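The values are calculated or read from the model by the stated rules, or taken from the named source; none is laboratory data. These numbers come from a predicted model, not from an experiment. Don't worry about glycine lacking a Cβ; one is built from the backbone with ideal geometry, like all the others, and counts go over all protein chains shown.
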Amino acid sequence: MNEKAKTYPPELVKGLAMRYALAREAGAIVRAAGSTISFLAPGKKSGMQKSQLDNVVAVAAEAQCVDVITNFVRYQIGRLSPWRYKGFGLQVIKDIEEEQGPVVQAAKRVAAEVAERLREAKYEADEKELCREAHLELTRLYLGYLTRCFVYGYETEKWKDFREAKEVC
C-alpha cells in the first residue's frame, strides 16, 4: 500500500484486506463443501433435511469461536442423527478443524495476506488473531455452501456434480 493508506484507520484497512482475502478463498471453500456433501448421496436415504443444516448455520452465525460450532456438530452426531450417515458429520469437523483441512489452510492464507497488507500500511498485525477471525468466517462460509450444495443434490439427485467440481486453472 502507498503512503496515503496510513491515513485510514487500521480497522478499516484490516476489514477491507480481510474481505478481499476471504473472497479469494471462496472457491476452495465451495469445493471442500461440495466434496463433503457427497457423503450424503443419495440424499433421501441419509435422512438429512435442509432444516438440520440451517440449524448449524444459525449456530455459526451467532458463535464467537469455531469450537462452539464443532461442538454443535458433535452434539448432532451423538443424537443418532443423519450427521452420522457415512461419516458426514465427522468429515465436516475434519474440514473445519484439522490442520491440513481446507478451512484451516484457507484461514492461514487469509491471515498471512491480511497481515502483509497491514504491515505494508505500517500497522501492527497479530497473525494469530487474524487467523482466528478468518477461521470463524470461513467456517461460516463453508457451512453456508454446504447447505446450498445439499439443496442442489437433494432436489436434483446430481450428487456427482460436486465430486467432479474442481479448480481448473
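I'm trying to understand the selection: among the residues of the stretch 126-157, which are without any contact (Cβ under 8 Å) to a residue 60 or more places away in the chain, surrounded by 15 or more Cβ atoms within 10 Å (Cβ to Cβ) and either touching a helix residue (DSSP H, G or I) at 6+ places or on another chain (Cβ under 6 Å) or over 23 Å from residue 42 (Cβ atoms) (or both)?
127, 131, listed by residue number.
Tell me yes or no: at least one residue of the stretch 2-19 is hydroxyl-bearing (Ser, Thr, Tyr) and out of contact with any Asp or Glu (no Cβ under 9 Å at 6 or more places or on another chain).
We begin by selecting, within the stretch 2-19, every residue hydroxyl-bearing (Ser, Thr, Tyr); these are 7-8.
From what's left, out of contact with any Asp or Glu (no Cβ under 9 Å at 6 or more places or on another chain): 7-8.
Looking for residues that are hydroxyl-bearing (Ser, Thr, Tyr) and out of contact with any Asp or Glu (no Cβ under 9 Å at 6 or more places or on another chain), one finds at least one in the stretch 2-19, hence yes.
Look through 76, 64 and report the one residue that is over 21 Å from residue 149 (Cβ atoms) and either not aliphatic (A, V, I, L, M) or not in a helix (DSSP H, G or I) (or both).
Numbers: 76 fails: over 21 Å from residue 149 (Cβ atoms).
Going through 76, 64 in turn, just one is over 21 Å from residue 149 (Cβ atoms) and either not aliphatic (A, V, I, L, M) or not in a helix (DSSP H, G or I) (or both): 64.
Count, please, the residues in the stretch 5-23 that happen to be in contact (Cβ under 8 Å) with a residue 12 or more places away in the chain and not aromatic (Phe, Trp, Tyr).
Final tally of qualifying residues: 9.
Report, ordered by the first and then the second residue, all pairs with beta carbons closer than 6 Å, sequence separation of six or more or different chains, a first member in the stretch 52-70 that is more than 11 Å from residue 140 (Cβ to Cβ), and a second member that is surrounded by 13 or more Cβ atoms within 10 Å (Cβ to Cβ).
53/147; 53/150; 70/93; 70/96; 70/97
Does the stretch 134-154 contain any residue that is on the phi < 0 side of the Ramachandran plot, assigned to a helix (DSSP H, G or I), small (Gly, Ala, Ser) and at pLDDT below 95?
Let us first name the residues in the stretch 134-154 that are on the phi < 0 side of the Ramachandran plot, namely 134-154.
Among the residues that remain, those that are also assigned to a helix (DSSP H, G or I) are: 134-154.
Next cut, small (Gly, Ala, Ser) only: 134, 144, 153.
Add one more test, that the residue is at pLDDT below 95, and what stays is 153.
Yes, there is a match, as at least one residue in the stretch 134-154 is on the phi < 0 side of the Ramachandran plot, assigned to a helix (DSSP H, G or I), small (Gly, Ala, Ser) and at pLDDT below 95.
Here is a yes/no grid of residues against (1) touching an Asp or Glu at 6+ places or on another chain (Cβ under 8 Å); (2) of a type in the set (Gly, Ala, Ser); (3) within 17 Å of residue 24 (Cβ to Cβ):
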{"position": "66", "(1), (2), (3)": "yes, no, no"}
{"position": "96", "(1), (2), (3)": "no, no, no"}
{"position": "120", "(1), (2), (3)": "no, no, yes"}
{"position": "138", "(1), (2), (3)": "yes, no, yes"}
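Restricting attention to the stretch 14-53, which residues are among the basic types (Lys, Arg) and either modelled with pLDDT under 90 or within 18 Å of the chain's Cα centre (by Cα) (or both)? Working first, answer last.
Pass one, the stretch 14-53, residues among the basic types (Lys, Arg): 14, 19, 24, 31, 44-45, 50.
Those that are among the basic types (Lys, Arg) and either modelled with pLDDT under 90 or within 18 Å of the chain's Cα centre (by Cα) (or both): 19, 24, 31, 44, 45, 50.
So, residue 162, is that one among the hydrophobic types (A, V, I, L, M, F, W, C), in contact with a Lys or Arg (Cβ under 9 Å, 6 or more places away or on another chain) and either part of a loop (DSSP other than H, G, I, E, B) or within 15 Å of residue 32 (Cβ to Cβ) (or both) or not?
Details: among the hydrophobic types (A, V, I, L, M, F, W, C): yes; in contact with a Lys or Arg (Cβ under 9 Å, 6 or more places away or on another chain): yes; either part of a loop (DSSP other than H, G, I, E, B) or within 15 Å of residue 32 (Cβ to Cβ) (or both): yes.
So residue 162 fits the description; yes.
Just to be sure before I move on: is residue 69 of a type in the set (A, V, I, L, M), surrounded by 15 or more Cβ atoms within 10 Å (Cβ to Cβ), touching a Pro at 6+ places or on another chain (Cβ under 8 Å) and at pLDDT 95 or above in the structure I sent?
The answer is no for residue 69.
I'd like to check something: does the stretch 79-95 contain any residue that is at pLDDT 95 or above, more than 24 Å from residue 42 (Cβ to Cβ) and in a helix (DSSP H, G or I)?
Within the stretch 79-95 (the criterion being at pLDDT 95 or above, more than 24 Å from residue 42 (Cβ to Cβ) and in a helix (DSSP H, G or I)), the answer is no, since none of the residues qualifies.
Does residue 26 satisfy the criteria of being assigned to a helix (DSSP H, G or I), touching a residue at least 40 places away in the same chain (Cβ under 8 Å) and surrounded by 18 or more Cβ atoms within 10 Å (Cβ to Cβ)?
Numbers: assigned to a helix (DSSP H, G or I): yes; touching a residue at least 40 places away in the same chain (Cβ under 8 Å): yes; surrounded by 18 or more Cβ atoms within 10 Å (Cβ to Cβ): no.
Criteria not met by residue 26.
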